[in-house]
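> Encoded as structure tokens, here's the structure I'll be asking about.
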């Protein structure tokens, strides 16, 4: 986290009102958090910083792509992600970040670090099941998909192959006689 000083927003010198901060997030950002699930990242984070007399409002907006392996074929692809987060910063006697949408900073604080919130927003905006777009539309051709198709159990054959008890067949005939 030492390399993330650029994500400190000093709010003491800012005038009241709305300010925009923009960050370009890449692979090195995630290395600082020791997160290695993304092969690469190209995410733009926009933060609308609204300073008021007694509190600060932060509106995070992320959009971009992360390069991840497909859960089905293990092929790498760029997964588009988008996300939003609203955070209210209040001032109190001691630091408290127990609530998801409220951050309490000590009265003597002069800056807020937004790196952790950007990191969590990107990671939580990534779906848990990552499927290559070509797999979803059926145009993907890979060895893994061919093997899965080969090993797939054909449901129609299993229904036909199951032999039924003749006693139940007689009961079924009663239902069709209506």
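The values are calculated or read from the model by the stated rules, or taken from the named source; none is laboratory data. All of these numbers come straight from a predicted model, not from anything done at the bench. Cβ: placed from backbone, ideal geometry, glycine included. Neighbour counts: every protein chain shown.
> If you scan segment 3-48, which residues turn out to be loosely packed, with under 11 Cβ neighbours inside 10 Å and in contact with a helix residue (DSSP H, G or I) (Cβ under 8 Å, 6 or more places away or on another chain)?
Within segment 3-48, 36 is the sole residue that qualifies.
> Can residue 127 be described as exposed (fewer than 12 other Cβ atoms within 10 Å of the Cβ), more than 19 Å from residue 11 (Cβ to Cβ) and assigned by TED's automatic domain parsing to the domain that holds residue 9?
Considered against the rule, which asks whether it is exposed (fewer than 12 other Cβ atoms within 10 Å of the Cβ), more than 19 Å from residue 11 (Cβ to Cβ) and assigned by TED's automatic domain parsing to the domain that holds residue 9, residue 127 comes out as yes.
> Considering segment 49-93 alone, what residues qualify as being assigned to a loop (DSSP other than H, G, I, E, B) and crowded, with 19+ Cβ neighbours inside 10 Å?
Listed by number, the residues that qualify are 70, 73.
> Hey, another quick one. I need the full set of residues from segment 7-48 which are part of a loop (DSSP other than H, G, I, E, B) and at positive phi, in order please.
34
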